[in-house]
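Inspection log for the structure reproduced underneath, given as structure tokens.
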Amino acid sequence: MTLSLVAVLALLQGAEVTASVDRTQLRVGEELTLTVRARTRSADAVEIVLPSMNGFAIVGSRDMTEVAINGASGSTRTTVRELQLRAQQPGALLIGPVRARQGGSIVSTDPILVTVDSAADRTALTLSPLARSLLETTRAPVSRRADRVALTMLVPSDTVFAGQQVDVIAAAWIPRDLGQRMRRPPFLTLVTPEGVWAYPAATSSGVALSRQVSGRWLDLFIAHQVVFPLTPGRLIIPPASVEYALPVTFSFFSREERYALRSDSIAITVLPLPPSTPATNVVGERLSLELQVDPATTRVGEPVEASVTVTGIGNVAPWPEPALRWPTGFRVYPAQTEVRVAPVAGRVAGGKTFHFLAVPDSAGNFKLPEVRYPYFNATTGRYETATSSPQALAVAPGAEPRAARVLPPLLPARGELSSERLGRRLGWEGWLLVLFVPPLFAWMVRRRSRAGTPSIATVGPELTPLGRVEREFLAVLASHVSDPFARDGDGLAQALRAAGVDSAVADHVKRLRDRLRAARYGPRGLGDAAELAAEIQQVLRVLGADGPTGGGTRRPHPLVTTGLLLLLVFVPRVESQQTASAEALFEAGALRAAADSFAARATRDPRDPAHWYNLGATLYRAGADGKATAAWIRAARLAPRNEAIRRALRLLPAPDPVTEQLLRVGWATPIEWGFLGAASWVVLWLAVAAGARRRVPLVLIGAVAAAATVLGAIEWQRRNRPVAVVAVDAAPVRAAPYGAASAAATVPAGGALLVDRSYGPWREVYRSDGIHGWVLGEEIIGL
């Protein structure tokens with residue numbers, strides 16, 4: 001269809017306004033696109049006033065604004081508004097003039113005339129030529145009954161290749177006299193078979209075909225679905241069904257009697273694709289390949305966008321990605337994939353675009369070779385190949401902005417702070433123990449002291465010589481025999497012999513243990529304690545000289561010790577080699593690549609402040625101040641007293657007092673304040689347990705514990721707020737979540753906002769200074 005452009009160009013304070021449609025002839029139910037463009041060099045806003053759309057329904061709209069810098073001549077702002085219109089009535093419909101208002105002047109375009117034809121049954125029109133010919137040549141059933149409905153299933157062929165399009169048609173022949181009695185059209189249903197890639201079924205809204213058989217007219221209603229078999233074998237098309245209702249009497253209020261009819265199933269033989277080299281499962285016809293690189297010239301470290309588009313007839317959605325061979329020195333990241341389906345003469349067709357993002361690491365002139373995309377043409381029965389022309393790419397040496405400001409140095413990786421790691425491992429159970437155990441301990445000690453028993457904290461009576469020897473003897477036994485039951489029972493001698501002790505010594509040790517128990521727990525005066533102690537010391541010397549050779553603890557072998565030392569020395573070197581790439585990219589000026597590497601480290605180890613600091617330093621050097629602020633705030637929250645991080649934050653001061661208050665970082669982390677409060681808490685109750693009577697020190701210690709707890713709670717609450725930092729140069733805060741809404745305020749890069757809720761890609765933000773509205777989620781970074 002020939003596209004027409006009906007526009008009036010008017011010069012209004014430097015503004016040019018055009019209005020156009022993509023088609024001027026269509027049917028009822030079809031859609032067209034009305035595009036309005038307003039270009040201006042003035043700073044005044046251009047307001048677009050749309051006319052009444054009689055006969056059309058607005059089904060979609062899109063607004064966008066582009067700003068182009070034209071050097072010394074200034075900037076040009078283009079506002080584009082696109083409307084998707086659906087024709088609702090036939091005839092010659094007129095889209096009135098579009099008016100544009102700028103300042104006190106108004107300009108209008110000429111009206112646009114669109115011809116809308118009456119609606120025909122689109123299901124029959126969207127059939128492929130093969131399916132349409134099958135429908136036109138099908139025979140109408142011959143029946144003597146005037147109220148008999150016939151339902152059949154039609155397919156173009158009972159043998160197809162895997163991946164070839166199959167049109168499945170359910171045809172219901174309904175006598176016209178019977179159809180006129182129906183209050184609504186019949187309802188046809190197609191069941192999607194298994195093992196196919198199916199597109200949504202379409203049911204006719206009216207009569208697709210009429211025939212006269214034996215003097216009676218039969219109307220044909222159809223349901224159509226396109227399927228693509230995925231695997232070879234036998235494919236069973238399930239039966240179709242048709243449902244209709246007839247009133248019992250001719251009264252308008254008469255009830256209806258419902259009828260349903262099912263067809264037979266159909267079997268299709270799916271053939272495998274012939275063998276090929278290289279192997280492919282793409283089935284299509286007239287496929288073409290296009291390779292685009294944008295921009296064709298770039299610098300080291302700057303990204304290059306490449307896209308490969310495959311277009312043709314076939315099942316577009318499952319087409320695989322073409323093999324794109326990049327030159328050495330490019331880091332490639334697959335991006336999004338776009339699928340566009342546009343049927344051609346009833347056959348599924350369209351295009352699939354594969355996007356890539358590549359970052360060159362070295363300068364030079366490179367060439368992307370041609371891309372080959374083999375496929376099987378089911379119509380000709382042979383394999384064909386779609387190719388694209390090669391593309392040249394020039395990469396210049398990396399360049400960076402040389403601003404007159406201090407560039408912060410990088411920090412070596414230091415890992416998570418030990419205090420943070422310990423606090424995280426404690427969990428809420430550990431903090432509860434710290435809270436309740438010291439008071440309980442002090443209460444128990446004070447209770448025992450009031451009862452007259454010696455306190456646990458006081459030093460017990462001095463051990464006797466026999467008591468000291470007994471303690472050493474029991475310790476040596478525990479080193480030889482780890483099982484307490486064998487050590488305290490009758491199996492001690494046997495356990496010692498199993499540990500490598502001489503049999504006589506083992507028996508003697510058992511007897512000494514029994515005598516020691518009798519001397520300790522038996523009646524007073526049994527045996528000589530000094531003699532028993534001397535005998536035990538002799539046995540201790542024997543056991544100490546022998547040493548455990550069985551299940552006891554052994555000294556590590558010198559080779560094992562040497563290996564562990566080498567491992568401890570070697571591991572840091574390996575880590576330094578692995579982490580040297582990001583620093584090398586930073587020094588070479590490949591800032592985008594360095595930022596990607598530091599961001600990957602921060603994602604992998606988010607509790608290391610050095611990763612966030614280095615990411616912020618790279619972004620600051622690249623000129624992305626908003627993103628650098630967000631990264632440095634993350635680093636400061638992990639290591640608040642690090643001088644390098646605080647010095648870096650002073651390079652990007654807060655743009656306003658509200659941002660300074662929202663991004664404030666305390667002297668310590670909440671866990672560090674918690675440890676200070678816990679230590680003071682424990683010291684306080686130990687002093688109470690020891691019987692401290694001076695109240696001033698106790699009050700001071702309690703005050704330190706309370707102050708640390710309060711400061712930790714304040715810092716924790718401050719960090720739990722939903723704070724976000726503006727990442728772009730200026731983020732407009734709009735009154736509503738859409739692009740055409742007016743901007744109530746603009747927050748500069750590095751400004752802080754509080755996020756409330758989400759609505760699609762938009763985020764509702766607010767601040768204490770009255771700023772409240774919506775910003776795009778991609779314009780802010782949450783902390």
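The values are calculated or read from the model by the stated rules, or taken from the named source; none is laboratory data. All values reported here derive from a predicted model rather than from experimental measurement. Counting neighbours? That spans all protein chains shown, and the Cβs are built from the backbone with ideal geometry, glycine included. Each accessible area value is taken on the protein alone, full model and side chains, heavy atoms only, with ligands, DNA and RNA left out. Shrake-Rupley method; radii C 1.70, N 1.55, O 1.52, S 1.80 Å.
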For the Ser418, Arg515 Cβ pair and Förster radius 41 Å, calculated FRET efficiency rounded to 0.05 is 0.20
Helix check for the chain. Which DSSP H runs span at least 24 Å along their own axis by Cα, with a mean Kyte-Doolittle hydropathy no less than -0.5? 418-451, 529-546, 558-578, 670-689, 695-719
Within 10 Å, count the other beta carbons around each residue, average over each peptide in 631-643, 747-759, and list them highest first. 631-643, 747-759
Can you send over the carbon and sulfur percentage of the accessible area for the chain, probe radius 1.4 Å, protein chains only? 56 percent
Tell me the relative contact order for the chain as a rounded percent, counting alpha carbon contacts under 8 Å between residues six or more apart. 7 percent
Once Lys and Arg get +1 and Asp and Glu get -1 on their Cβ, which of Tyr259, Ala245, Leu218 lies farthest toward the positive end of the dipole of the range 201-269? Leu218
How many nm separate the modelled label positions at Ala279 and Asp769, each set 7 Å beyond the Cα in the direction of the Cβ? 6.5 nm
Rank these residues by their accessible area, most exposed first, probe 1.4 Å: His772, His611, His355. His772, His355, His611
Answer rounded, prolate or oblate for the range 261-389, using the Cα gyration tensor with square roots of eigenvalues a ≥ b ≥ c: rounded when a/c is under 1.5, else prolate when a/b is larger than b/c, else oblate. prolate
State the answer as a single residue: which of Val658, Gly364, Gly702 lies farthest towards the positive end of the charge dipole of the chain, with beta carbon charges of +1 for Lys and Arg and -1 for Asp and Glu, about the Cα centre. Gly702
Taking the reciprocal of mean 1/r across every pair of different Cα atoms in the range 688-783, the Kirkwood radius in Å is 16.1 Å
The chain - share of DSSP beta bridges that are antiparallel (%, nearest 5): 95 percent
Could you work out how much longer the chain between Ser133 and Ser742 gets when fully extended? Use 0.36 nm per residue separation minus the Cα distance between them, nm to one decimal. 213.6 nm
Please sort by residue number the trypsin sites (Lys or Arg not before Pro) in the range 146-255 whose DSSP state is loop and whose Cβ has at most 12 other Cβ atoms within 10 Å. Arg183, Arg255
Could you work out how much longer the chain between Arg425 and Thr33 gets when fully extended? Use 0.36 nm per residue separation minus the Cα distance between them, nm to one decimal. 135.1 nm
Expressed in nm to one decimal, what extension gain is obtained for the pair Arg719 and Glu290 from 0.36 nm per residue of sequence separation less their Cα-Cα distance? 149.4 nm
For Tyr244, what is the net charge nearby, where nearby means another residue's Cβ is under 14 Å from its Cβ and Lys, Arg count +1, Asp, Glu -1? +1
Shape of the range 277-351 from its Cα gyration tensor (a ≥ b ≥ c, root eigenvalues): rounded if a/c is under 1.5, otherwise prolate when a/b > b/c, or oblate? prolate
Considering the values [x] 1.04; [y] 1.54; [z] 1.13, which represents Cα Rg over 2.2 N^0.38 Å as calculated for the structure under consideration? [y]
Förster-model FRET efficiency, 60 Å R0, Val344 and Arg650, C-beta, rounded to 0.05: 0.40
Largest-first ranking of Arg719, Arg184 by accessible area, probe 1.4 Å, whole protein assembly kept, is Arg184, Arg719
Below 10 angstrom from the Cβ of Asp63, what's the summed charge of the other residues (Lys, Arg +1; Asp, Glu -1)? +1
Around Glu30, which amide H atoms from residues at least 5 apart in sequence, or from another chain, sit under 5 Å from its own amide H, with H modelled in the peptide plane? Ala87
Put a dot 7 Å past each Cα toward the Cβ at Asp110 and Lys367; how far apart are the dots in nm? 5.1 nm
Calculate for the chain the 222 nm mean residue ellipticity that helices alone would give, adding -39,500 (n - 2.57) per DSSP H run of length 4 or more and normalising by residue count, nearest 500 deg cm²/dmol. -10500 deg cm²/dmol
Can you tell me the relative contact order of the range 697-776? Whole percent, Cα pairs under 8 Å, sequence separation 6 or more. 25 percent
Could you sort Met444, Met64, Met153 by accessible area so the largest value comes first, with the probe set to 1.4 Å? Met444, Met64, Met153
For the range 185-308, what's the relative contact order in percent, using C-alpha pairs closer than 8 Å and at least 6 residues apart? 21 percent
Residues of the chain: accessible area per residue with a 1.4 Å probe, Å²: 56 Å²
How big is the accessible area of Arg99 in square angstrom, nearest 10, if you roll a 1.4 angstrom probe over the protein chains? 110 Å²
